[in-house]
Amino acid sequence: MTQEEYKIYIDNVIRRVEFARVRFDEKHIVKIVAISKYSTANEIEKLYRIGQRAFGENKVQDLRAKSSELEDLPLEWHFVGNLQKNKINNLLDINPALFHALDSLELAHELQKKLQARDMTLDALLQINSAKEESKHGVMLEDAVETYRQIQKECPNIHLKGVMSIGAHTDDKAIIKKSFETTYNIYKQLDGANICSMGMSGDFELAIECGSNMVRLGSIMFNK
């Protein structure tokens with residue numbers, strides 16, 4: 001695919017985001033984070049040349065390698081993977097723009113300790129297990145608001161910006177929609193929250209129509 005053909009392809013993806021956005025609210029703004037975990041630095045650069053700036057990785061070592069290789073480009077790096085406690089220092093060395101998967105109070109306390117020792121802060125999203133699936137990380141729905149407020153109170157070096165969830169793992173659109181609506185309803189209860197990150201390549205339009213203002217698009221952005 002030539003660069004021009006790729007631009008036309010990406011414009012079509014953006015058009016789909018736009019149509020979904022307007023269906024929710026014409027004043028709604030949606031940010032695309034291109035998930036580059038299966039893509040090379042060259043592929044990231046190709047997408048950058050079309051205008052994409054925010055990229056996400058789900059492994060700390062990959063985030064370090066790609067952000068280092070592409071350090072000359074003004075990219076905004078997000079960490080979207082689940083964080084093991086022994087990788088906290090490695091992540092903080094990179095200092096991503098946003099950590100999407102803060103999935104427990106316990107992890108928040110560990111992060112707080114390390115952040116305080118370094119005298120630094122980290123913007124993060126609380127991950128919610130909106131469909132109550134055992135295979136997924138995240139705080140349970142009934143604990144989400146309380147956990148969010150507790151982290152705000154007990155972990156001052158973590159700047160919570162909102163919530164993230166992954167749509168229900170099913171082909172039933174009604175169940176997926178319900179998981180998005182549930183997350184959005186929690187998001188609306190949180191003081192100062194301005195990011196509701198929901199939706200991936202297979203369900204981003206539905207997520208936006210349910211209120212998502214940040215989508216994490218991998219395969220569709222890299223035409224894979």
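For the reader, a short list of remarks on this structure follows.
- Test: residue in the stretch 168-187 that is in contact (Cβ under 8 Å) with a residue 24 or more places away in the chain and more than 25 Å from residue 134 (Cβ to Cβ): no
- Scanning the stretch 1-32 for residues that are at pLDDT 95 or above, aliphatic (A, V, I, L, M), within 18 Å of residue 218 (Cα to Cα) and outside any helix (DSSP H, G or I) yields 30, 32.
Each row is one residue, and each column tells you yes or no for (1) free of Cβ contacts under 8 Å to residues at least 12 places away in the same chain; (2) within 20 Å of residue 193 (Cα to Cα); (3) buried (at least 16 other Cβ atoms within 10 Å of the Cβ); (4) not charged (D, E, K, R).
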{"residue": "27", "(1), (2), (3), (4)": "yes, yes, no, no"}
{"residue": "40", "(1), (2), (3), (4)": "yes, no, no, yes"}
{"residue": "60", "(1), (2), (3), (4)": "no, no, yes, yes"}
{"residue": "82", "(1), (2), (3), (4)": "no, no, yes, yes"}
{"residue": "88", "(1), (2), (3), (4)": "no, no, yes, yes"}
{"residue": "92", "(1), (2), (3), (4)": "no, no, yes, yes"}
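- Strands (runs of 3 or more DSSP E) fully within the stretch 111-223 counting 1 or more residues that are among the basic types (Lys, Arg) and either modelled with pLDDT of 95 or more or in contact with a Leu (Cβ under 6 Å, 6 or more places away or on another chain) (or both): 158-165, 214-217
- Just one of the listed residues (158, 151, 175, 186) is of a type outside the set (D, E, K, R), surrounded by fewer than 17 Cβ atoms within 10 Å (Cβ to Cβ) and more than 14 Å from residue 30 (Cβ to Cβ), namely 175.
The values are calculated or read from the model by the stated rules, or taken from the named source; none is laboratory data. From a predicted model like this one, the values you see are computed outputs, not experimental measurements. Neighbour counts are summed over all protein chains in view; Cβ atoms, including those assigned to glycine, are modelled from backbone coordinates with ideal geometry.
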